[in-house]
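The values are calculated or read from the model by the stated rules, or taken from the named source; none is laboratory data. Owing to the predicted nature of the structure, the values given are computational and were not obtained by experimental measurement. Here the Cβ positions follow ideal geometry from the backbone for every residue, glycine too, while neighbour counts run over all protein chains shown.
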Amino acid sequence: MKALTAFLLAGLLGAADDQELEGLLKRSAYPLSEAVKKAQEIAKTGVVIAAELEDEDGKAAYSVEIAQDRKIMEIVLDAKTGELLEKKVEDDDEDALAKACKISLTRAIEIALAKTPGQVYSAEAEIENDKAIFEVKILGDGKVHKVTLDAAGGEILKVKSRKVEGEKK
């Protein structure tokens, strides 16, 4: 019974998350790749290692993380107006990850969208099995897609898709 309850609860949470995501995307006036470019202009230097659409105190906002020497600059932009909501620097050494990414996060988004059209809501670099990868998450065609790319050359390693929870039939 506990397993069934956990399964049903996870399904309900997934539906709520998907519906929230769709709402955030509808409230966004420009795509994630444009938010990355705006954040790069603000930061001036560094390598973008993550960007995502999120709810920031009731507003749709893009959060972009840029590795700069042994620090991370986080830039939060209003997803409707492009206004800078927050800019902060944290001590977090992601220098090795930044150096391992031979293509930009923006290029990874372009490659992922060519394979799987839709709206990108998250893109992130990470090290998996000693290899730098990008994970790009896309909402399109009634599905949530996760495209994993090699961060060195941009080759698509895998695509996982699932139906949007709570989608009307």
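For this structure, a couple of remarks:
- Qualifying positions in the range 123-169 - under 21 Å from D92 (Cα atoms), in contact (Cβ under 8 Å) with a residue 12 or more places away in the chain and part of a loop (DSSP other than H, G, I, E, B): A151
- Residue check for L113: surrounded by 21 or more Cβ atoms within 10 Å (Cβ to Cβ), in contact (Cβ under 8 Å) with a residue 24 or more places away in the chain and not hydroxyl-bearing (S, T, Y): no
- Filter pass, V120 being surrounded by 18 or more Cβ atoms within 10 Å (Cβ to Cβ) and either at positive phi or in contact (Cβ under 8 Å) with a residue 60 or more places away in the chain (or both): yes
- Test: residue in the range 1-11 that is β-branched (V, I, T) and modelled with pLDDT of 90 or more: no
- In the range 28-54, of all residues being more than 19 Å from K99 (Cβ to Cβ) and more than 13 Å from the chain's Cα centre (by Cα), the one that is surrounded by the most Cβ atoms within 10 Å (Cβ to Cβ) corresponds to A39.
- Residues of the range 113-122 classified as outside any loop (DSSP other than H, G, I, E, B) and either within 16 Å of the chain's Cα centre (by Cα) or among the aromatic types (F, W, Y) (or both), total: 5
- Test result for E86, without any contact (Cβ under 8 Å) to a residue 40 or more places away in the chain and under 13 Å from the mean Cα position of the chain (by Cα): no
- Qualifying residue in the range 114-128 (condition: in contact with a helix residue (DSSP H, G or I) (Cβ under 9 Å, 6 or more places away or on another chain) and farther than 21 Å from V64 by Cα): no
- Among (1) free of Cβ contacts under 8 Å to residues at least 60 places away in the same chain; (2) surrounded by fewer than 16 Cβ atoms within 10 Å (Cβ to Cβ); (3) not hydroxyl-bearing (S, T, Y), the one test that D17 misses: (1)
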